[in-house]
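Step one of this worksheet: look at the structure below.
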Amino acid sequence: MKLSGSILSNSLSAKEAIEIYNKTDIDYIHIDVMDGKFVEKKTYTIGDIVKYSKLTNKPLDVHLMVNNPDKYIDDLSMLNVNNITFHLEAVKKPMDVINHIKGNGVRAGVAISPETNVKELMEYLPYIDYALVMTVNPGASGQKFMESMLYKIDILRKAIDENCFNTLIYVDGGVNESNIELLHEKKVDMIVSSNYFLSGNTYQIIKDLKSRY
């Protein structure tokens, strides 16, 4: 299981979070970009991400919670960004956005919010690198994990395995010590967290998780 550490913290600045993650073996640094339109909150600009990218050698995992993901892709592709994930609900032509991301040499992910039927994601599985299941409503850190979203993981896992797709399943929202074992059992490939990773000795938390999963 890959670990992606979010810098969207209720208690630390983005810079502080990155500095802490740099001292661990975490796989990715996760950046949530919100435009104040797709979700109410507004977070980082491209200028902010450029600044943050200079603070780490770790690959960036960018989650676009925005109405127009296309306008971010070219600029993000110039940085140490490994993954760009956008929301299915935000665009009219998802394949165009997927091709835009992959055309820039970046791995493409598609996210679905809790209210979205997982079946809407199925046709894109052969073309994407990540299928992101949101287990909270997008837009804020510290929300409670929605166990009612677990069935989506089961459906995706079955479809991916039966069709031998290379798509990875990715979970974001409320992940912590009480549900991570369940996510592992369901063969989730990557998780995102902020509060869980940053709530104590981050180095030890990441070390323990990497040794277990």
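Data overview
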item	result
Failed item in (1) outside any loop (DSSP other than H, G, I, E, B); (2) surrounded by 15 or more Cβ atoms within 10 Å (Cβ to Cβ); (3) under 19 Å from the mean Cα position of the chain (by Cα), with A159 passing the rest	(3)
Residue within region 118-135 that is out of contact with any Ser or Thr (no Cβ under 8 Å at 6 or more places or on another chain), closer than 22 Å to G36 by Cα and assigned to a loop (DSSP other than H, G, I, E, B) present	yes
In region 175-193, residue nearest to the chain's Cα centre (by Cα) [restricted to those that are part of a loop (DSSP other than H, G, I, E, B) and surrounded by fewer than 22 Cβ atoms within 10 Å (Cβ to Cβ)]	D189
Options F165, F197: the member that is farther than 30 Å from Y127 by Cα and in contact (Cβ under 8 Å) with a residue 12 or more places away in the chain	F197
Count of region 58-77 residues which are touching a residue at least 12 places away in the same chain (Cβ under 8 Å) and either under 16 Å from K42 (Cα atoms) or among the basic types (K, R) (or both)	10
Looking only at region 78-89, and only at residues there that are surrounded by 22 or more Cβ atoms within 10 Å (Cβ to Cβ) and in contact (Cβ under 8 Å) with a residue 40 or more places away in the chain, the one that is farthest from the chain's Cα centre (by Cα)	H87
Total residues in region 166-200, condition on the phi < 0 side of the Ramachandran plot and touching a helix residue (DSSP H, G or I) at 6+ places or on another chain (Cβ under 9 Å)	23
Residues of region 1-60 classified as closer than 26 Å to K187 by Cβ and of a type outside the set (A, V, I, L, M, F, W, C), total	13
Among (1) over 19 Å from L121 (Cβ atoms); (2) within 18 Å of the chain's Cα centre (by Cα); (3) not β-branched (V, I, T), the one test that K37 misses	(2)
Some residue of region 59-67 being surrounded by 15 or more Cβ atoms within 10 Å (Cβ to Cβ), within 17 Å of the chain's Cα centre (by Cα), of a type in the set (D, E) and modelled with pLDDT of 95 or more	yes
Hits in region 168-192 - residues which are without any contact (Cβ under 8 Å) to a residue 40 or more places away in the chain, aliphatic (A, V, I, L, M) and under 14 Å from Q143 (Cα atoms)	V171
Selection count where residues are more than 21 Å from D75 (Cα to Cα), assigned to a helix (DSSP H, G or I) and not hydrophobic (A, V, I, L, M, F, W, C), scope region 11-50	3
Filter pass, L8 being modelled with pLDDT under 95 and either in a helix (DSSP H, G or I) or not β-branched (V, I, T) (or both)	yes
Residue tally, condition within 14 Å of N195 (Cβ to Cβ), in contact with a helix residue (DSSP H, G or I) (Cβ under 9 Å, 6 or more places away or on another chain) and buried (at least 18 other Cβ atoms within 10 Å of the Cβ), over region 137-152	1
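The values are calculated or read from the model by the stated rules, or taken from the named source; none is laboratory data. Note that the structure is predicted; figures quoted are calculated from it, not measured. With ideal geometry, Cβ positions are generated from the backbone for all residues, glycine too; neighbour counts draw on all protein chains shown.
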